[in-house]
Structure formats: C-alpha cells, structure tokens
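**Student:** Below is a structure I'd like to ask you about.
The values are calculated or read from the model by the stated rules, or taken from the named source; none is laboratory data. Since we're looking at a predicted model, the values are computed, not measured. Cβ: placed from backbone, ideal geometry, glycine included. Neighbour counts: every protein chain shown. Areas reflect the complete protein model, heavy atoms only, side chains present, ligands, DNA and RNA absent. Shrake-Rupley method; radii C 1.70, N 1.55, O 1.52, S 1.80 Å.
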Amino acid sequence: MSTAAWSPVSLAVVSAGAGYPRPTRRLADWVAEAVCRSLAAGGARAEVEVLELHRLAPDLAQHFAQRRASRDLREAIAAVVAADGLVVATPVLAASPSEVFDSFFAVLGDGVLSGMPVLLALSSGSRRQPPDLTQVTRRRLTGLHADPVPTVVVAGPADWQATTQSDEGRLHTCIDQAAAELAAAMRSHRQ
C-alpha cells in the first residue's frame, strides 16, 4: 500500500502540562512538527489535534466523582481513540507524570488504545532521563495496549535555554529519531 493511499492521517497530541507556552506544550509542539515532517517525507499529510489536559481537569474530577463524562471529555477521548498515532507529552513532577495525565489515561480504560502507536515525551526538571519514570509511564500506556515507540524524548531545563548548537542539536536529534519511529509505526498500523 502506498503512503498516498492512506493520506491524510490523524495525529492526536496530548499535552499534560500547564498549557502554552509552558515547556511541556512547547515540547509537544516540537514533536508534533517533527512527526508531520517525517510523515510528509513519506508522502502522507497529517491532520493534528492538540488536547491540553489541564483544560479538562474539572471534567476529569467530575467524571471520577459522578461517573459522568462531560461533552468536552467525551470529545477528547474520541479524538484520541480515533487517531492513527498519538504523541503524549507530560511533565515529570516529583518523579511521576502529572496528575491530569494519570486521570485522563485512567478514564480511557484497558485495551481502548489497542495497537495505537505512541510517542512519549517527558519535560523533566533534570537533564538526565529518569529510567524508572520512563518505565512507569510506558507501562501505563501499554496497560491500555498502546504500542510506544522505542525512543522516549526527555527535555530538561538546559534544553529550554540551549546556549550552543550542540545543546539544541541533542534534543532535536532525539525528537527527529522518535518522530521517524512514530511515522513508521503509524504506516504499519494503518496497513
């Protein structure tokens, strides 16, 4: 199957940070742009939908208290479930993903993302990749039967204040690698 036969593809971008222009949203945007470039190089056009989970925090709280999903929450879930690929960006807070990240993916339920290609991006308070947190976050996604790509993008404080081309290049090289993996996984998943 040629890539033109499955264009356009749908990419859902879930940002679990505090909103734009915060680091997590900026990271989500950079990753989404790289995925779109990688898909375009293969002849596919991506339709991107960005979901900022902080806007859904009251809806998520209402869902857990009353077991009732608001229209906005239902639409966000539908956008994620219907996507051909998913970018998930979350800040690392006290060695765990954000609370709104946990709440949103708990609402989705087991198996709803079966086989969904996912790129995980972490906005960390440290330049070092927290291996335990990466595994915990990946397990939460695989618990929904999603299929995370091998490369996890981790951006730390130095990445937001890159003073040299090598500092900036390190993060963008990682983003490009992960984006290429997600684009390839989306093509395979669609076939």
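**Student:** Given the criteria at pLDDT below 85 and touching a Ser or Thr at 6+ places or on another chain (Cβ under 8 Å), does Ser123 qualify?
**Tutor:** Values: at pLDDT below 85: no; touching a Ser or Thr at 6+ places or on another chain (Cβ under 8 Å): yes.
Judged against the criteria, Ser123 is not a match.
**Student:** I'd like to check something: does the stretch 73-90 contain any residue that is in a loop (DSSP other than H, G, I, E, B) and either under 12 Å from the mean Cα position of the chain (by Cα) or under 18 Å from Ala183 (Cα atoms) (or both)?
**Tutor:** Yes, the stretch 73-90 contains a residue that is in a loop (DSSP other than H, G, I, E, B) and either under 12 Å from the mean Cα position of the chain (by Cα) or under 18 Å from Ala183 (Cα atoms) (or both).
**Student:** What is the residue count in the stretch 19-60 for residues that are touching a Pro at 6+ places or on another chain (Cβ under 6 Å) and more than 21 Å from Ile77 (Cα to Cα)? I'd like the intermediate steps shown before the answer.
**Tutor:** Keep residues of the stretch 19-60 that are touching a Pro at 6+ places or on another chain (Cβ under 6 Å), which gives 24, 45, 47.
Of the ones still in play, those that are also more than 21 Å from Ile77 (Cα to Cα) are 45.
So the count comes out to 1.
A quick yes/no check of all residues on (1) farther than 14 Å from Leu27 by Cβ; (2) outside any helix (DSSP H, G or I); (3) at pLDDT 95 or above; (4) touching a Gly at 6+ places or on another chain (Cβ under 6 Å):
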| site | (1), (2), (3), (4) |
| --- | --- |
| Arg128 | yes, yes, no, no |
| Thr134 | yes, no, no, no |
| Arg139 | yes, no, no, no |
| Asp159 | no, no, no, no |
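**Student:** I'd like to check something: does the stretch 70-80 contain any residue that is touching a Pro at 6+ places or on another chain (Cβ under 7 Å) and either open to solvent by less than 30 Å² (accessible area, probe 1.4 Å) or without any contact (Cβ under 8 Å) to a residue 12 or more places away in the chain (or both)?
**Tutor:** At the first step, the residues of the stretch 70-80 found to be touching a Pro at 6+ places or on another chain (Cβ under 7 Å) are none.
No, that holds for no residue.
**Student:** Follow-up question, since we're still on this one. Residues of the stretch 161-183 being at pLDDT below 95, in a helix (DSSP H, G or I) and open to solvent by 50 Å² or more (accessible area, probe 1.4 Å), which ones?
**Tutor:** Gln165, Ser166, Glu168, Arg170, His172, Thr173
**Student:** Okay, next question. Please go through the stretch 30-69 and give me each residue that is open to solvent by less than 50 Å² (accessible area, probe 1.4 Å) and more than 25 Å from Pro8 (Cβ to Cβ), ordered by number. Break it down into steps so the answer makes sense when it comes.
**Tutor:** As a first pass, look at the stretch 30-69 and keep what is open to solvent by less than 50 Å² (accessible area, probe 1.4 Å): 31-32, 34-36, 38-39, 42-44, 46, 51-53, 56-57, 59-60, 63, 69.
If the condition is that a residue be open to solvent by less than 50 Å² (accessible area, probe 1.4 Å) and more than 25 Å from Pro8 (Cβ to Cβ), then Leu56, Ala57, Asp59, Leu60, His63, Ala69 are the ones that fit.
**Student:** Criterion first (at pLDDT 90 or above, open to solvent by 70 Å² or more (accessible area, probe 1.4 Å), over 18 Å from Met116 (Cα atoms) and not aliphatic (A, V, I, L, M)) does Arg22 satisfy it?
**Tutor:** no
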